[in-house]
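Please read the structure below before turning to the comments.
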Amino acid sequence: MAEVLVLVDHVEGKVRKTTAELLTIARRLGEPSAVFVGAGFDAAKESLARFGAEKVYRVESPEVLEHLVVPQAELLAQLVAEKSPAAVLVPASPEGKEVAARLAVKTESGLITDAVDVQAADGGVATTQSVFAGSYTVAATVTKGTPIIAVKPNSATPEEAAGAAADEVVDFTPSDAAKGARITESKPKQATGRPELTEAAIVVSGGRGTGGDFSKVEDFADSLGAAVGASRAAVDAGWYPHTSQVGQTGKQVSPQLYVACGISGAIQHRAGMQTSKTIVAVNKDNEAPIFELVDFGVVGDLFTVLPQATEAIKASKD
Amino acid sequence: MNIVVCVKYVPDAQAERTFNASDNTTDRENVDGLLSELDEYAVEEALKIVEAGEGEVTVLTVGPDQAADAIKKALQMGADKGVHVNDAAIHGSDAVATSLVLAEAIKKLGDVDLVITGMASTDGTMGVVPTMLAERLGLPAVTFASELTVDGGAGGTATIRRDGDASTQTITATLPALVSVTDQINEPRYPSFKGIMAAKKKPVETWALSDLGVDASQVGLDAAWTKVSSFDARPPRTQGEIVNDEGDGGSKLAAFLSERKFV
Ligand SMILES: Cc1cc2nc3c(=O)[nH]c(=O)nc-3n(C[C@H](O)[C@H](O)[C@H](O)COP(=O)(O)OP(=O)(O)OC[C@H]3O[C@@H](n4cnc5c(N)ncnc54)[C@H](O)[C@@H]3O)c2cc1C
Ligand SMILES: Nc1ncnc2c1ncn2[C@@H]1O[C@H](COP(=O)(O)O)[C@@H](O)[C@H]1O
C-alpha cells in the first residue's frame, strides 16, 4: 500500500488534535507516515502510534523551524521524490498552507486547501470544501502530481488504530535559499485554559453588543466548556485579541454548537461560522441578520439572558 | 524602493456569488466585481512605505477586462502605475497558474525590491497565491503581517509581526522579499477627488500571455492541477425557534441546550 505523508502539528512534541484527524484520514488513502520536524519526538511517538502512523520521518535540526516553512517544504519535496506517496496531508493552518503552496510548486502537484472531507476515489483523492462564506459546497480532485491537501480542523473524528511509528531520521539539509526568512523573536501567548477556537466542540462569541465587557460571555462559555470567540468589531475595539476573531479574516470555525452574543451577523462574520452544526444567538434586535441562521434565538439583553442561562446550566450539573 | 502590489478583481461578497454551470468556474460576468477589499490593505501599506521614503508603487492584476477597475481604484488611492495581464486563455486558472502569470509579469517588470499582496482573496480565499509566487520568484516570504517595517538600505530587510495562536512572532526577511498583509495592518484610505483626477493620467500597461512568454497551455481551466467536479448550494438554514426574553430567556436557552445534549 502506498504511503500517505502527514505533516505533524506539534508544540515541543505535544501533538495537536488535528494530527490525529489527519492520520485518521490518511488511513483511508493508504499507509500513514508521519513527518515530524523539531524537538520532542519521544513525547510525540506514543500518540502518533496510537492513531496509526506506521512510520515517522523526522528531522531534529532546530534550524528547520527557525527558518519557517521553506525548509519544511523542501523536506516534504525530498520525501515525495523518495517515497512516491499517494498524498500529502497538512493542517490548513496559515503555516500548513504555506508549506503546501511551496510544495505544490516544487513538485508540480495540485493543491487543495481547506478540505472539510477527504476520501479515496478511483485511484485518487476526492475532497469537499465549503466556499463563498459557506454558501456552497464543492467537490474537487487533484489532476496532476501528488495530491497535496490542506485539511481543516474537525474534518474527521480521530479513530485509534495501532501503528508501529517506526522512526527514521531523514538526511536533510535546507538550501541556502530556504534561509531568507527567520523568526527573530517569539513571544508566547498566555494560555486561557479554554479549548482552542478551531478545535472546540462549542464556541461562544461576543460582539459589539458586549460593550467591551466579555465577563458574561466568558462565564457562559466556561459553563459549557467552550472556546471564546469575538467579532471583528470587538477585536478592533481592543476588547479581545485578534487571534480570537471569527470570520473571513479571522478563524473559520465549524463546531457542534456556535453561540453568537451581541453579534449582528455580517457576511464576513458568517463566513467564519456558517457551517457550524447548531447555531444559537442572543441579540437585542429581533431584526439582526444573525437570526436568519439560528436553530434557537433569544431576543434580549445578553447581560440578563447569559447569566440566567449560566446559572441554569450550572444547577443542572450539580 | 520598487514595490509591486498584486491586486485581484473579485465578485462582490455582498452580492449573490455563484458558479458557471458549464465549467464549474467562479461566475465573474454576472456578479458585480471590485478590488478585493483585503488587497486595499496591501495598496495602503505600499503607499505608506513610499511616502515615508522614496520609490514607486506598481499595481499588478491578472484578470478579465473588468479587472481594470481594480487597477483604477488602486491608482486613485495613489499607486503610480498599473499592469493588467489580460488574456482569454487565463479563464479558469487556479492558484498555480495564476502565480505563474504573476511571477512572469514581475520578472518582466525587472528591478523589484518588495512584492506586497493581500492575505487572501475574498472569492477564492485560498491564501496560497502569495507563497506560490514567492516560490516561483525564489524569494523569501513573510505572510500574514499585522505590522511591517522595511529597511531599504543595502542588505535591506522586511520585518513583520505575525499574530499567531501560540505566540506573536517577529520575522525578518532579506530583500527582495514578498509580504502578505492582514486587515490588521492599517486603515486603507479612500481615494480623494485629487487622487481620482490624477489616476486618469497614470500609465496602465496591458499585457497578453505572449508578452510574458507564457504558453497558453500552461494556464486556464485545462491546465489546472485540480478540478472542481461539482458544486452545490448549501441548503439555506431554516430558522429555528426565536423567543423574546420575558424574564425567562436564559432558562429557555439552557433548556434548549440540554434538550440538544450540549449540557
Ligand atoms: C474586509 C473585511 C473583513 C472582515 N472580516 C471580519 C471577520 O473576520 N469577522 C467579523 O466578525 N467581522 C468581519 N468584518 C466586519 C463585519 O463587516 C462587521 O462589521 C462585524 O462583524 C460587526 O461586528 P458585530 O456584529 O459585533 O457588531 P455590530 O454589527 O455593531 O452588531 C452588534 C450587535 O449587538 C447587538 N446588541 C447590542 N447590545 C446588546 C446587548 N446588550 N445584548 C444583546 N445584543 C446586543 C445589536 O443589536 C447588534 O446586532 C470584516 C469587514 C471587512 C470589510
Ligand atoms: N488574479 C490575481 N491578480 C493579482 N493578484 C492576485 C490574483 N490572485 C491572487 N492575487 C494576490 O494573492 C493574494 C491571495 O490570493 P488567494 O491565494 O487567491 O487567496 C491576493 O490578496 C492578491 O494580492
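Can you pull out every residue in segment A:245-263 that is of a type outside the set (A, V, I, L, M) and more than 10 Å from ligand 1 (Cβ to nearest atom)? Selection gives A:Ser254, A:Pro255, A:Gln256, A:Tyr258. Taking segment B:74-130 as the range and being open to solvent by 30 Å² or more (accessible area, probe 1.4 Å) and near ligand 2 (Cβ under 6 Å from one of its atoms) as the test, the residues that pass are B:Thr98, B:Gly124, B:Thr125, B:Met126, B:Val129.
Set side by side, the residues A:Val235, A:Val298 differ, and just one is assigned to a strand (DSSP E or B), at the interface with chain B (Cβ under 10 Å from one of its Cβ atoms) and open to solvent by less than 40 Å² (accessible area, probe 1.4 Å), which is A:Val298. Every condition in (1) closer than 22 Å to A:Val105 by Cα; (2) open to solvent by less than 10 Å² (accessible area, probe 1.4 Å); (3) modelled with pLDDT under 95 is met by A:Leu75 except one, and the failing one is (3).
Hey, among the residues in segment A:275-295 that are touching a residue at least 40 places away in the same chain (Cβ under 8 Å) and more than 12 Å from ligand 1 (Cβ to nearest atom), which one's least open to solvent (accessible area, probe 1.4 Å)? Here the residue is A:Ser276.
State whether the residues of segment A:161-176 include one that is acidic (Asp, Glu) and facing another protein chain (nearest Cβ under 9 Å). No, segment A:161-176 contains no residue that is acidic (Asp, Glu) and facing another protein chain (nearest Cβ under 9 Å).
The set of residues from segment A:41-64 being touching a Gly at 6+ places or on another chain (Cβ under 9 Å), open to solvent by 30 Å² or more (accessible area, probe 1.4 Å) and under 11 Å from A:Pro174 (Cα atoms) comprises just one member, A:Ser61. Might you check whether a residue that is within 7 Å of ligand 1 (Cβ to nearest atom) and either at pLDDT 95 or above or under 23 Å from B:Arg162 (Cα atoms) (or both) occurs anywhere in segment A:235-244? For segment A:235-244, residues within 7 Å of ligand 1 (Cβ to nearest atom) and either at pLDDT 95 or above or under 23 Å from B:Arg162 (Cα atoms) (or both): absent.
When segment A:136-161 is filtered for residues that are in contact with a helix residue (DSSP H, G or I) (Cβ under 9 Å, 6 or more places away or on another chain) and open to solvent by 40 Å² or more (accessible area, probe 1.4 Å), the ones remaining, listed by number, are A:Lys144, A:Gly145, A:Lys152, A:Asn154, A:Thr157, A:Pro158, A:Glu159, A:Glu160.
Looking only at residues in segment B:131-163 that are closer than 18 Å to B:Ala46 by Cβ and within 16 Å of ligand 1 (Cβ to nearest atom), the one that is most open to solvent (accessible area, probe 1.4 Å) is B:Phe144. Consider segment B:223-250 and keep the residues that are assigned to a loop (DSSP other than H, G, I, E, B), within 7 Å of chain A (Cβ to nearest Cβ) and open to solvent by 50 Å² or more (accessible area, probe 1.4 Å). The one that is nearest to A:Val142 (Cα to Cα) is B:Arg234. Comparison of A:Phe220, A:Phe303 shows that the only residue that is surrounded by fewer than 22 Cβ atoms within 10 Å (Cβ to Cβ) and either within 16 Å of ligand 2 (Cβ to nearest atom) or not in a strand (DSSP E or B) (or both) is A:Phe303. Inspection of segment B:127-145 finds a residue satisfying the criterion of being in contact (Cβ under 8 Å) with a residue 24 or more places away in the chain, at positive phi and outside any strand (DSSP E or B).
The values are calculated or read from the model by the stated rules, or taken from the named source; none is laboratory data. Since the model is a prediction, treat every value here as computed from it, not as a measurement. So basically every Cβ, Gly included, is an ideal-geometry build from the backbone, and we count neighbours across all protein chains shown. Calculation scope for accessible area: heavy atoms of the full protein, side chains included, ligands and nucleic acids excluded. Shrake-Rupley method; radii C 1.70, N 1.55, O 1.52, S 1.80 Å.
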